[in-house]
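K.L.:
Pasting a structure here, questions to come.
The values are calculated or read from the model by the stated rules, or taken from the named source; none is laboratory data. What you see is a predicted model; the values in this text were computed from it and never measured. All Cβ positions, even for glycine, are placed from backbone atoms using ideal geometry, and neighbour counts span all protein chains on display. When the accessible area is computed, the model is the full protein with side chains, heavy atoms only, and any ligands, DNA or RNA have been set aside. Shrake-Rupley method; radii C 1.70, N 1.55, O 1.52, S 1.80 Å.
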Amino acid sequence: MTIKFNHVLVTGGAGYCGSVLVPQMLDMGYQVTVYDIQYYGCNFLPLDNPSLRVVQGDIRDIEMLEPLMAGVEAILHLACISNDASFELDENLSTTVNMDAFEPIVLGAKKARVKRFVYASTSSVYGNNTKFPLKEKHNTDKPISFYAATKKNNEIMAYSYSYIYNLPTTGLRFFTVYGPLGRPDMSLFKFTKS
């Protein structure tokens, strides 16, 4: 069964993944609200598109974020500190962004009665798994970094809200996301530059 959403809220929508996805969603006819702290601005978004609303704000500011959830059918939660190395630069910032802000956002989605809550997780939750190819059913109970632990915590929280409140949630375990707007420190870019 395919569910069509008209209005989607994308947290982190001006970030690397969001700035690639949001224009595609607009082209598909969605109305999109982007909520992002905009550390890198929002120049990659089609700001002249009447179906796009961009709000600058911190993901940890639930009082600012929660009103934006009213009337949206789906939330795509991409805002996060996105890898082990970035996490270790400032563990307090990373923990508050990746973990502490997560439950209030899921609770806001429940209150707003969204039809779907999709969030960014990570392949890092697999830890030192030696079974390849990795599969969703593989054990993720032993993360080996604080970054992975925060993302595993998000998966547990989302599952609980889904089970208890019937809120449809989907976690995306990203593996080395890359592309034209990607981080220059990624191995793919290092290889191609060499």
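K.L.:
Quick one: which residue in Met99, Met25, Met64 is among the aliphatic types (A, V, I, L, M), in a helix (DSSP H, G or I) and touching a helix residue (DSSP H, G or I) at 6+ places or on another chain (Cβ under 7 Å)?
P.N.:
Within the list Met99, Met25, Met64, the selection yields Met99.
K.L.:
Looking at the range 5-37, which of its residues are of a type in the set (S, T, N, Q) and at pLDDT below 95?
P.N.:
Asn6, Ser19
K.L.:
Quickly run through the range 45-65 and pick out the residues that are of a type in the set (A, V, I, L, M, F, W, C) and under 15 Å from Ala14 (Cβ atoms).
P.N.:
If the condition is that a residue be of a type in the set (A, V, I, L, M, F, W, C) and under 15 Å from Ala14 (Cβ atoms), then Leu45, Leu47, Leu52, Val54, Val55, Ile59, Leu65 are the ones that fit.
K.L.:
Across the range 1-50, which residue is surrounded by the most Cβ atoms within 10 Å (Cβ to Cβ) among those that are touching a residue at least 40 places away in the same chain (Cβ under 8 Å), out of contact with any Phe, Trp or Tyr (no Cβ under 9 Å at 6 or more places or on another chain) and among the β-branched types (Val, Ile, Thr)?
P.N.:
Of everything passing the filter in the range 1-50, Ile37 is surrounded by the most Cβ atoms within 10 Å (Cβ to Cβ).
K.L.:
Turning to a different aspect of this structure: Select from the range 140-175 the residues that are in a loop (DSSP other than H, G, I, E, B) and under 25 Å from Arg116 (Cα atoms) and write down the one among them that is modelled with the lowest pLDDT.
P.N.:
Phe175
K.L.:
Return yes when Ala85 is at pLDDT below 95, aliphatic (A, V, I, L, M) and either more than 17 Å from the chain's Cα centre (by Cα) or over 18 Å from Ala120 (Cα atoms) (or both) and no when it is not.
P.N.:
When the stated conditions are applied, Ala85 passes them.
K.L.:
Is it true that Leu76 is closer than 16 Å to Leu21 by Cα, modelled with pLDDT of 95 or more, open to solvent by less than 60 Å² (accessible area, probe 1.4 Å) and within 17 Å of the chain's Cα centre (by Cα)?
P.N.:
Yes, satisfied.
K.L.:
If you take the residues in the range 95-126 that are open to solvent by less than 20 Å² (accessible area, probe 1.4 Å) and in contact with an Asp or Glu (Cβ under 8 Å, 6 or more places away or on another chain), which one is nearest to Asn154 (Cα to Cα)?
P.N.:
If we take residues in the range 95-126 being open to solvent by less than 20 Å² (accessible area, probe 1.4 Å) and in contact with an Asp or Glu (Cβ under 8 Å, 6 or more places away or on another chain), then Ser121 is nearest to Asn154 (Cα to Cα).
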